[in-house]
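Q: Here it is, the structure, as structure tokens.
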Amino acid sequence: MRILTGTILAAFAVVFLAAGDPATAMSGKETIDKRKAFMKEKILKPYLVAKKFAKNGEGTAADVASAARALSAAAPDITKDYPKGTGRGDFDDKVTRALPKIWEDWAGFQKAAGVLGTEAAKLASVADGGDKDAIAAQFGKTGKMGCGGCHKPFRGAKVK
């Protein structure tokens, strides 16, 4: 019985290890679509909550704090769906805006995602205080240093 159990477990291990990382098991186009969906849902959506408050006074400071916490929590996951071979040069510029510099400067790309997380956490803390002007100022830093810190060096222009 032990030999049979060991054989079955070994077979499962081989199948599991052969599957590898789920991001690389997907096709490149599927991975690109997955990361675009992640960015829209987990990054852009909470960012827009903060933007509407900072720019137009829509919503509440509590909404901003909640959204900023969600944004900060999601930031470390940004780099997960960027396997090599899923950027411009591998795919048409209309399919992805990911520049080859991502893989040339992987540490810089990871650092940029970290800065977004840090700035969004600061935004949540400031929003907890309720001061609209302070929230707007930190929102500006989050956009410039967080989003811009990644988009400017690592994201290409949109192609129609």
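The values are calculated or read from the model by the stated rules, or taken from the named source; none is laboratory data. Values in this document were obtained by computation on a predicted structure and should not be read as measured data. Here the Cβ positions follow ideal geometry from the backbone for every residue, glycine too, while neighbour counts run over all protein chains shown.
Q: Search the stretch 93-130 for residues being of a type in the set (Asp, Glu) and in contact (Cβ under 8 Å) with a residue 12 or more places away in the chain, and hand back the single one that is surrounded by the most Cβ atoms within 10 Å (Cβ to Cβ).
A: Within the stretch 93-130, the match that is surrounded by the most Cβ atoms within 10 Å (Cβ to Cβ) is GLU119.
Q: Another question, then. Mind listing just one residue for me: the one in the stretch 72-92 that is buried (at least 21 other Cβ atoms within 10 Å of the Cβ) and in contact (Cβ under 8 Å) with a residue 60 or more places away in the chain and, of those, nearest to the chain's Cα centre (by Cα)?
A: Among residues in the stretch 72-92 that are buried (at least 21 other Cβ atoms within 10 Å of the Cβ) and in contact (Cβ under 8 Å) with a residue 60 or more places away in the chain, the one nearest to the chain's Cα centre (by Cα) is ILE78.
Q: Out of GLY85, GLY59, which single residue is in contact with a Phe, Trp or Tyr (Cβ under 8 Å, 6 or more places away or on another chain) and outside any helix (DSSP H, G or I)?
A: Just a single option satisfies the conditions, and that option is GLY59.
Q: Would a scan of the stretch 124-143 turn up a residue that is within 15 Å of the chain's Cα centre (by Cα), modelled with pLDDT of 95 or more and under 30 Å from SER27 (Cα atoms)?
A: no
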